[in-house]
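Just below is one structure, and these are the notes that go with it.
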Amino acid sequence: MAKPPPTVGSSTFERIKRDIIFGTLAPGSKLKLDDLKTRYSASVSTLRETLNRLASDGFVTAEEQRGFFVTPVSKEDLREIASLRILLERHALRLSIANGDTDWEGDVVAAHHKLQRMELQMQSGDETEKETWKRYDWEFHLSLIRACNSQNLLSLHSKIYDKYLRYQMLVFTFRGEAAAAEHQGMLDAALSRDPDTAIRFLEEHIDNGLVHTLEAM
């Protein structure tokens, strides 16, 4: 069955969230309803609902008598987000490796192929498709854990991943061959049904990305 078309509220939510994650709406900036109404072609009621949803997810802060602001960033917050990502993703990865079938293996291989092609493009100096690169990066990590069979776990991980991605895009961190090697290690270990090795590569990947981002902030 075809998916129903997105509602105005959901499309506005995704657009504003995307602009926060990719830095179009800067950390700490005030979100003025009149400006947003023009920018996103949405009603004030839709925008209020959207900003409240984003506030509940941690991307927006609501201050009494002052309005809405893009949530500020800090090194301490990034460290906490990275720790939570490791906690959730390593658990989901272990479950997924235990549960994944042949279709899961195929999805993981396909997702890695797309990411690898984009990583090679980035390593050549072409950084014109950074959004595509990060989308493929997300699709690969998601493919690895999708077979965990827990929608609650996947939902929590998705929110944490988006917060982690926001910091990466804020300073645009690309670690080149090192990150690609970590992805390859995760792929090989997952296909070999070796959760301990896959988790070791995952933890190295997130920790090294954290250090790289902190140094660039």
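Observations on the model:
- When region 85-107 is filtered for residues that are open to solvent by 40 Å² or more (accessible area, probe 1.4 Å), of a type in the set (A, V, I, L, M, F, W, C) and farther than 17 Å from E204 by Cβ, the ones remaining, listed by number, are L95, A98.
- The residues of region 90-122 that are more than 14 Å from D188 (Cα to Cα), in contact (Cβ under 8 Å) with a residue 40 or more places away in the chain and in contact with a Phe, Trp or Tyr (Cβ under 8 Å, 6 or more places away or on another chain), listed by number, are S96, L115, E119, M122.
- Only one of R90, R135, R146, R85 that is modelled with pLDDT under 95, under 18 Å from I160 (Cα atoms) and not in a loop (DSSP other than H, G, I, E, B): R135
- Candidates S143, S192, S150 - the one that is over 30 Å from S29 (Cα atoms) and open to solvent by less than 30 Å² (accessible area, probe 1.4 Å): S143
- Qualifying residue in region 62-80 (condition: modelled with pLDDT of 95 or more and among the polar types (S, T, N, Q)): yes
- Residue in region 160-174 that is open to solvent by less than 30 Å² (accessible area, probe 1.4 Å), at pLDDT below 95, over 16 Å from the mean Cα position of the chain (by Cα) and of a type outside the set (A, V, I, L, M) present: no
- Residue match in region 161-177 (condition: assigned to a helix (DSSP H, G or I) and more than 30 Å from S56 (Cβ to Cβ)): yes
The values are calculated or read from the model by the stated rules, or taken from the named source; none is laboratory data. Source: prediction; values computed, not measured. Here the Cβ is made from the backbone with ideal geometry for all residues, glycine too, and neighbour counts use every protein chain on show. Please note that ligands, DNA and RNA were not included when accessible areas were found on the heavy atoms of the full protein model with its side chains. Shrake-Rupley method; radii C 1.70, N 1.55, O 1.52, S 1.80 Å.
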